[in-house]
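Rule-based calculations on the coordinates, nothing more; no lab input. Source: prediction; values computed, not measured. Because the Cβ atoms are built from the backbone with ideal geometry, glycine has one as well, and the counts that use them run over all protein chains shown.
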Amino acid sequence: MINEKNLLNNNETINKIRKEIKYFHPKTLDDLKKFKIKFFSRKKGIITILLKKIKKIPIYRRKEFGKIINGLKCQIQEKLDESNYLLKENEKNEKFDYTVPGTTIEIGSIHPISILKNRIINILSNIGFTYVDGYEIEDDWHNFTALNIPLLHPSRDMQDTFFLSKKKDILLRTHTSSIQIRYMENNCPPFRVLSIGKVYRNETISSHSNYMFHQAEGFYIDQNVSFSHLKTIIYYLINSIFGKTKIRFRSSYFPFTEPSAEVDIYYDKKWLEIMGCGIIDPKVLENVNIDPKNYSGFAFGLGIERIALILYGIKDIRLYFNNDIRFLKQFKSEFF
């Protein structure tokens, strides 16, 4: 039985799998199907089982374990793609020579923003959060007013907005909180919702800022939701992303939550601010026709680029958007 322990410590087991992949030469599409099921079936596939065991691995060894599994996964996928191509070509030419070496296929890589986005979706979906997408072009009501940010509110000055009309009622969203408003307008609580998407603010492009970035926001509405529930979710999310680390909450101000807090983590021997959160202001609930006397909730948000900078030790945020293949090739092993 292959398990996480002997996979990490027994090179013979790894080499055995690699040899099986290397010397697999299917003669029919049925052979290819059986090979795929052996490694990728949802219940008994070798790769599937090993991926499920990641959570049982000590945190400090998960990256090593993940690289081993994904290395095998890539080799298997290459073999499947190569063999599928050869078998289909053989249907066109009955005298195809199976001894001819196959062509190595260049496997692409997932962008670090997509890696982290998928990871956050997986983490929160495990505790009942539903992923919802929204509009990048918004109106004033959903982006500002419904979130308790009236026309002359000073917090609007903190978000230098790209307006698309002279009346300033159509704009590129400055945060993904607008998705929360639209969802609450059309659904009845209780619900747990996560949204991730691009947001736009008129900021000078530099190594640590851009006019466009990705934001992840989650919110939970139910009866008797408290700040204690919020802290539980925050601890779960941060520890799932960074591993067990020190976390602190600092009082802050957001017009759509009260009380509000900034969240810091102790990482690389210093405190880093990574997200904001708070209990949803009753006025926001009233704006979407949810009775604040019967329901309460919390919301939290974090920037994807900033988290990826910390996790991968990236020094310049502009690297995300330069389309440099040398940069992207560094993330080939990050397929989980």
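Mind checking Rg over Rh on the stretch 123-195, alpha carbons, Kirkwood formula for Rh? So for the stretch 123-195, dividing Rg by the Kirkwood Rh gives 1.03. Only Lys, Arg, Asp and Glu carry charge here, each on its Cβ (+1 for the first two, -1 for the last two); on that basis the stretch 112-331 has a dipole of about 780 debye about its Cα centre.
Residues whose amide H falls under 5 Å from that of Ser252, counting only those 5 or more places apart or on a different chain, are Ser260, Ala261, Glu262, with hydrogens built in the peptide plane. Listed by chain and number, the lysines placed with their C-alpha closer than 19 angstrom to that of Lys315 are Lys269, Lys270, Lys329; residues fewer than eight positions away on the same chain are left out. Centroid-to-centroid, using Cα positions, the stretch 166-216 and the stretch 224-283 are 19 Å apart. With both labels modelled 7 Å from their Cα along Cα-to-Cβ, the Lys88 to Asn224 distance reads 5.8 nm. The HN-Hα couplings worked out from phi for the stretch 184-196 by the Karplus form 6.51 cos²θ - 1.76 cosθ + 1.60 (θ = phi - 60°) are 5, 5, 10, 9, 9, x, x, 7, 10, 10, 10, 9, 9 Hz, whole numbers, x standing for Gly and Pro. For Thr174, the amide hydrogen comes within under 5 Å of the amide hydrogens of Tyr200, counting only partners 5 or more places away or on other chains and with H modelled in the peptide plane. Taken one residue at a time, the phi angles of the stretch 242-249 give Karplus couplings (6.51, -1.76, 1.60, θ = phi - 60°) of 9, x, 5, 8, 6, 10, 9, 10 Hz. Gly and Pro are set to x. Karplus-based coupling profile of the stretch 172-178, in residue order and whole Hz: 7, 4, 9, 7, 8, 4, 4, with θ = phi - 60° in 6.51 cos²θ - 1.76 cosθ + 1.60 and x standing for Gly or Pro.
Backbone amide hydrogens, once placed in the peptide plane, bring Met275 within less than 5 Å of Val263, excluding anything fewer than 5 places away on its chain. Volume of the convex hull of the stretch 184-302 (Cα atoms only), normalised per residue: 125 Å³.
Cys277 sits among other residues whose Cβ lies under 9 Å from its own Cβ, and their net charge, with Lys and Arg +1 and Asp and Glu -1, is 0. Computing Rg/Rh (Cα atoms, Kirkwood Rh) for the structure here picks out one of (i) 0.99; (ii) 1.05; (iii) 1.13, namely (ii). Across the stretch 4-92 the C-alpha pair distances fall into 5 Å bins from zero in the proportions 3, 13, 23, 23, 17, 10, 7, 3, 2, 0, 0 percent.
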